[in-house]
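Notes to accompany the following structure.
Each reported figure results from applying straightforward, stated rules to the coordinates on display, with no laboratory input. From a predicted model like this one, the values you see are computed outputs, not experimental measurements. Cβ placement follows ideal geometry from the backbone for every residue including glycine, while neighbour counts extend to all protein chains displayed.
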Amino acid sequence: MRLVYPLTTDRLIIRALTPDDVERHHALFSDPDVVRYLYFGPFDRPAAQDHLARRSIVELPGEGGWINFGVEAKGEGVLIGELAMGFISSTHAHFEVGYVFDPTYAGLGYATEGAAMIVELAFSGLGAHRVSGRLDARNTASARVLEKLGMRREAHFLENEYVKGEWTDELVYAVLAPEWRAMRGPATEFEFAE
């Protein structure tokens, strides 16, 4: 099943990633500040091209899989970030949200606005019961995004992952479908194609 694009918010266009995004994808993932709290270091161009190819999947994910989205600010026509949605468990109707944005666009609320659309997709379009977000505990900007979405912090795992040569703490945030509806009002309708 495929999602019909684009998804739009007040200020953003959310669309499939394509091979044409390679320059912006490389610029984003070669920035040490952008990848500081991710599992990998900065990419060179071939690594970015390979990474983008793996992320340019348009089919909605099966259990254990992820789908990635490109994000543009309306009227700019440039990739400013990427969103991700993981299908964690069909039994538990659990999805996860992720996001990476160009630091040039930090502090404008774009990550929160885009991530809200992905959370809405999980709940209204895909029947999620729970949507979570996981992050390196040092990433306070990412924690603020999840808090602005209305997610609650459910866990702080001490030194539970060994990343880039060091033990790191991890935070887990989440929101349940009834909580999301109470905060956001009526469900959004999404269009899907076979």
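Overview of values
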{"read-out": "Of residues in the range 154-194 being of a type outside the set (D, E) and on the phi > 0 side of the Ramachandran plot, the one surrounded by the most Cβ atoms within 10 Å (Cβ to Cβ)", "value": "K164"}
{"read-out": "Filter result (touching a Phe, Trp or Tyr at 6+ places or on another chain (Cβ under 9 Å), within 23 Å of E76 (Cα to Cα) and among the hydrophobic types (A, V, I, L, M, F, W, C)) within the range 89-107", "value": "V100, F101"}
{"read-out": "Which listed residue, of G133, G107, is under 17 Å from the mean Cα position of the chain (by Cα), assigned to a strand (DSSP E or B) and either at positive phi or not hydroxyl-bearing (S, T, Y) (or both)", "value": "G133"}
{"read-out": "Residue among E170, E159, E96 that alone is part of a strand (DSSP E or B) and under 22 Å from I80 (Cβ atoms)", "value": "E96"}
{"read-out": "Candidate set from the range 121-130 (those that are surrounded by 21 or more Cβ atoms within 10 Å (Cβ to Cβ) and part of a helix (DSSP H, G or I)); member that is farthest from the chain's Cα centre (by Cα)", "value": "F123"}
{"read-out": "Considering residues of the range 116-164 that are free of Cβ contacts under 8 Å to residues at least 24 places away in the same chain and among the hydrophobic types (A, V, I, L, M, F, W, C) only, the residue farthest from T188 (Cα to Cα)", "value": "L158"}
{"read-out": "Residue in the range 17-33 that is in contact with a Lys or Arg (Cβ under 9 Å, 6 or more places away or on another chain) and within 23 Å of L126 (Cβ to Cβ) present", "value": "yes"}
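Here's the yes/no breakdown for (1) surrounded by 21 or more Cβ atoms within 10 Å (Cβ to Cβ); (2) under 28 Å from K164 (Cα atoms):
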| residue | (1), (2) |
| --- | --- |
| Q49 | no, yes |
| E59 | no, no |
| G62 | no, no |
| L83 | yes, yes |
| A115 | yes, yes |
